[in-house]
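In what follows, a single structure is set out as C-alpha cells and then discussed.
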Ligand code: PHE
C-alpha cells in the first residue's frame, strides 16, 4: 500500500512536468500494479484493486488538467477575422484544407497559354471604361439600335463596366500601330470580366468572362481567322472538331460571323449538335480608322466569346451561376 502512495507522488510529479501527460498513465510502473493482483492473497485483492482504481482516477484528473494547461499556452492571439474556430483549442489549431485556384482562373490560364504559344500577347481587359471604347470606336453611331443589344450598366458619371472585351480593341490597335508600320503584325488577346444588365438564369449572368482576339497585318484573311480559331478549339478540347460559321451582325466587323463547333461525342454530343462559341469577323474599316490605322494598307480579324461556355462544355457543368456562387462544393471539384 505504501508502494502505491509512493508511485502516486512520483507519477503526479511526472504528469506536471510532461508535455504529453497521457503517456504517464501508460508507464510500465502503473501497469505493473495490475500484474501483481494474481499474486496477492484472494482476501486482499478487493482492497488492492480499489486502491489502484482510485489512483487511476486521480492520475486521469491530473492528466486532464495538465492537458488543458498545455493547450491554453498554445492558443494563438485572438484573430476576430478568422473564419473558423482557429482561436479555440479544439478541433485543430490550423485549417486542414488548402484553398485552390478558381476553375475559371485555371481555365483562363490554359486559354492564354494556347494563344501565347501561337504568338499572341495577352492582357487583362478593363473593368470600367467609357462610351467611346465600348461603342464609339467600334462603329456604333450615337443612338444606333445595336447599342441596346448590350444591356450595359452605367455609373452616374456615365462610365460603363464593359459588356464585352471588344472595349479593348481601340487600345490594342493604337498600341500596336507602330509595330504594324515597322512591318510587323498586331496579335493580341484581351480577357477578363464583363457585365450585362440581364436577368440571371442557368445560362445568363450579370458578370461573366470573355476572351477577345485581334489580329492585324497587311494581308490578314478570313481563312487565317478560321484556322486560328479551329487550332485553338482543337487544342483546348484535345481533339479534332467540326466547325461551322453563319452570318452574324456586329457593327465592328464586316463580314461578321457566328462561329460554332459540333459538340464532340466524348463530351456527350450527337452529330448535328452545334454549339455557338463566339462572334468574329474581319475588322471594319471604321474601327481601323478610329485607331489611326489605314484600312487601305492593313486588314485584320477579331473574335470574342464567353469563357464560361468553354469550361461548361469541357466539364459538363450545367449551370452558369455556379461560377460566381462561391459554393465550396462546386469549387472543391476543381481543387
Ligand atoms: N463583342 C462581341 C460580343 O460580345 C463578340 C465579337 C467580338 C464579335 C469580336 C466580333 C468580333 O457579342
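Every read-out reported here was derived from the displayed coordinates using simple, explicitly stated rules and does not represent laboratory data. Computed from a prediction, not measured in an experiment: that's the story for all the values here. Every residue, glycine among them, receives a Cβ derived from its backbone with ideal geometry; neighbour counts consider all protein chains shown.
See the values below:
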quantity	calculated
Theoretical FRET efficiency, 1/(1+(r/R0)^6), r = Cβ-Cβ of residue 202 and residue 80, R0 45 Å, to 0.05	0.75
Largest-first principal axis extents of the Cα set of the chain (Å)	114, 50, 42
Compactness of the stretch 133-186 as Cα Rg over 2.2 N^0.38 Å, two decimals	1.39
Protection-proxy order for peptides 221-234, 31-44, each taking the mean of Cβ atoms within 10 Å per residue, highest first	221-234, 31-44
Pairwise label distance in nanometres, residue 243 with residue 20, each label 7 Å out on the Cα-Cβ vector	6.3 nm
Helix 2-17 axis, angle to the chain major axis (alpha carbon atoms, nearest 10°)	20 degrees
q = 0.19, 0.20, 0.22, 0.28 Å⁻¹: log10 I(q)/I(0) that the Debye formula gives for the stretch 2-73, counting C-alpha atoms only	-0.74, -0.80, -0.92, -1.30
Most mobile listed residue (19, 276, 124) in the chain, GNM with C-alpha springs under 10 Å	19
Cα point-scatterer Debye curve for the stretch 133-279, base-10 log of I(q)/I(0) at q = 0.11, 0.17 Å⁻¹	-0.52, -1.18
Crossing angle, helix 103-117 versus the chain [Cα axis fit, 0-90 degrees, rounded to tens]	50 degrees
Pairwise label distance in nanometres, residue 127 with residue 65, each label 7 Å out on the Cα-Cβ vector	5.6 nm
